[in-house]
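The values are calculated or read from the model by the stated rules, or taken from the named source; none is laboratory data. Not measured: the values here are computed from a predicted model. For neighbour counting, all protein chains shown are included, and Cβ atoms are generated from backbone atoms with ideal geometry for every residue, glycine included.
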């Protein structure tokens with residue numbers, strides 16, 4: 001499913017309101033905790049005033065700022081509640097872009113060396129000069145050795161599994 005221009009614009013508005021990322025994450029967690037809340041917010045037969053009151057009560061109990069509650073209420077008023085997943089996704093993407101943060105996933109075997117991890121970090125540092133790299137390490141012993149680094153939709157596959165697959169393709173002529 002494609003993200004709408006409205007979701008991207010609303011995400012940018014959310015970013016420009018200058019909330020602490022942890023508060024946005026907490027609000028997102030609360031909003032998606034109950035499918036009933038989402039059903040109510042997306043139900044056109046329930047008056048806006050009732051929805052705004054529900055949002056106020058739920059978020060204020062959790063310590064969410066009034067300004068962020070207002071953002072949710074405005075999204076509800078303009079029938080954008082059904083787009084909240086995309087708004088959050090785009091908010092994080094835009095926030096990272098503005099703060100020059102790259103989120104990388106590092107997949108390696110349990111026997112991976114510090115040298116391999118350092119090589120992967122060097123690879124990203126060269127490709128994303130001037131960016132802060134947020135590194136998440138995951139052990140995957142199916143790689144047989146080596147590593148894979150994922151940044152968004154880009155994958156740098158330096159695993160033995162991939163090398164064996166490439167060798168097999170050369171030998172079999174595929």
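Structure above, values below:
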quantity	calculated
Residues of region 44-81 that turn out to be over 18 Å from residue 24 (Cβ atoms) and surrounded by 12 or more Cβ atoms within 10 Å (Cβ to Cβ), as a count	9
Residue 87 touching a helix residue (DSSP H, G or I) at 6+ places or on another chain (Cβ under 8 Å), in a helix (DSSP H, G or I) and either at pLDDT below 95 or under 26 Å from residue 131 (Cα atoms) (or both)	yes
From 2, 26, residue being under 19 Å from residue 83 (Cα atoms), out of contact with any helix residue (DSSP H, G or I) (no Cβ under 8 Å at 6 or more places or on another chain) and crowded, with 16+ Cβ neighbours inside 10 Å	26
Every residue from region 114-165 that is in contact with a helix residue (DSSP H, G or I) (Cβ under 7 Å, 6 or more places away or on another chain), farther than 13 Å from residue 104 by Cβ and surrounded by 15 or more Cβ atoms within 10 Å (Cβ to Cβ)	143, 145, 146, 159, 161
Selection status of residue 106, outside any helix (DSSP H, G or I) and crowded, with 17+ Cβ neighbours inside 10 Å	yes
Condition check for residue 99: under 25 Å from residue 138 (Cβ atoms) and exposed (fewer than 12 other Cβ atoms within 10 Å of the Cβ)	yes
Residue among 12, 97, 50, 57 that alone is touching a residue at least 24 places away in the same chain (Cβ under 8 Å) and not in a loop (DSSP other than H, G, I, E, B)	12
Options 85, 77; residue that is within 30 Å of residue 22 (Cβ to Cβ) and over 21 Å from the mean Cα position of the chain (by Cα)	77
Yes/no for residue 7 being in a helix (DSSP H, G or I), within 14 Å of the chain's Cα centre (by Cα) and under 30 Å from residue 127 (Cβ atoms)	no
Some residue of region 28-43 being in a helix (DSSP H, G or I), at pLDDT 95 or above, under 29 Å from residue 151 (Cβ atoms) and in contact with a strand residue (DSSP E or B) (Cβ under 9 Å, 6 or more places away or on another chain)	no
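The rows are residues; the columns are (1) touching a residue at least 40 places away in the same chain (Cβ under 8 Å); (2) under 30 Å from residue 46 (Cβ atoms); (3) in a helix (DSSP H, G or I).
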residue	(1), (2), (3)
76	no, yes, yes
118	no, no, yes
124	no, no, yes
135	no, no, no
171	no, no, yes
